[in-house]
1. Name the residue that is nearest to LEU151 (Cα to Cα), counting only residues in region 95-120 that are open to solvent by 10 Å² or more (accessible area, probe 1.4 Å) and of a type in the set (A, V, I, L, M, F, W, C).
2. Do you know which residues across region 6-29 are open to solvent by 90 Å² or more (accessible area, probe 1.4 Å), touching a residue at least 40 places away in the same chain (Cβ under 8 Å) and more than 15 Å from PRO51 (Cα to Cα)?
3. GLN104 is checked against (1) at pLDDT 95 or above; (2) in a loop (DSSP other than H, G, I, E, B) and fails just one. What number does that condition carry?
4. Within the group ALA89, ALA100, which residue is within 22 Å of HIS59 (Cα to Cα) and either out of contact with any Gly (no Cβ under 8 Å at 6 or more places or on another chain) or among the polar types (S, T, N, Q) (or both)?
5. Say whether the condition of being on the phi > 0 side of the Ramachandran plot, open to solvent by 50 Å² or more (accessible area, probe 1.4 Å) and free of Cβ contacts under 8 Å to residues at least 40 places away in the same chain is met by at least one residue in region 62-70.
6. Would you check if LEU64 is of a type in the set (A, V, I, L, M, F, W, C) and more than 24 Å from GLU107 (Cα to Cα)?
7. Among what's in region 30-47 and is under 30 Å from GLY6 (Cα atoms) and not in a strand (DSSP E or B), pick the residue that is most open to solvent (accessible area, probe 1.4 Å).
8. Pull up region 48-61, narrow it to residues that are within 15 Å of the chain's Cα centre (by Cα) and open to solvent by less than 40 Å² (accessible area, probe 1.4 Å), then point me to the one that is modelled with the highest pLDDT.
Amino acid sequence: SILLHGKEELNHFIDQGLVKYAFQPIVEVKTGKVFAYEALMRPQTKKLSSPLDVIRLAHSQSKLYEIERLTWFKAMECFEEQKEHFGDAKIFINSIPSYALAKQDLEMFEKKFNNYLNRIVIEITESEQGNEECTKIKQEIAARWGSHLALDDFGSGYNSEVALLVLSPKFIKIDMTIVQGIDTDKNRQ
């Protein structure tokens, strides 16, 4: 139903920036301390109730770039509004593997959020096929910012081992299906 009737809803969502972000703590196991937060999209519309709905609809309407742009700017705006709660923690921002901010948007983003660039971790999900050019752009951005890349949902998607080699991520977030039951399953260990 969303795919068939959601065009206007998606346009309204994008044009009005109807999204907020929740910040999930990421804990360093050795110390038990929060070292980062992942920005989690929370659509603020009735019909688009989950990030998955937004991505599916945007994909069907060739509007993934608009979602990528919205994600970057809105996640950082929410982060900046609550900066006193985050201390010096990093922020993980999900990035669509096959899209990178256009030069003009990237320049605007860097100017607006210059004070936080080295705290951003570009989190690339493995569940969608990326492309070499976008990967290279994201690697260059992370290097320029003194930041890092993360691979999300490792083991759930496209060419897991290849993604590790190509991205060389600082952080790897393993898909839950791989580690579920690891405490009792010798093979998973």
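1. Once the filter is applied, the top-ranked residue is ILE96.
2. Matches in region 6-29: LYS7 only.
3. (2)
4. On the way: ALA89 fails: within 22 Å of HIS59 (Cα to Cα).
The unique qualifying residue is ALA100.
5. So the first thing to find is which residues in region 62-70 are on the phi > 0 side of the Ramachandran plot, and the list is 62.
From what's left, open to solvent by 50 Å² or more (accessible area, probe 1.4 Å): 62.
Right, trim to free of Cβ contacts under 8 Å to residues at least 40 places away in the same chain and you get 62.
Yes: one or more hits.
6. Details: of a type in the set (A, V, I, L, M, F, W, C): yes; more than 24 Å from GLU107 (Cα to Cα): no.
In short, no.
7. Of region 30-47, the ones under 30 Å from GLY6 (Cα atoms) are 38-47.
In the following step, the residues that additionally are not in a strand (DSSP E or B) were identified as 44-47.
On the way: GLN44: 91, THR45: 23, LYS46: 198, LYS47: 121 Å².
The residue in question is LYS46.
8. Residues of region 48-61 within 15 Å of the chain's Cα centre (by Cα): 50-52, 54-55.
Then drop every residue that is not open to solvent by less than 40 Å² (accessible area, probe 1.4 Å), which leaves 50, 54.
Numbers: SER50: 88, VAL54: 91.
Among them, the one singled out is VAL54.
The values are calculated or read from the model by the stated rules, or taken from the named source; none is laboratory data. Computed from a predicted structure; not experimentally measured. A quick note on method: Cβ atoms are made from the backbone with ideal geometry, for glycine too, and the neighbour counts reach across all protein chains shown. Surface areas here come from the heavy atoms of the whole protein model, side chains and all, with no ligands, DNA or RNA. Shrake-Rupley method; radii C 1.70, N 1.55, O 1.52, S 1.80 Å.
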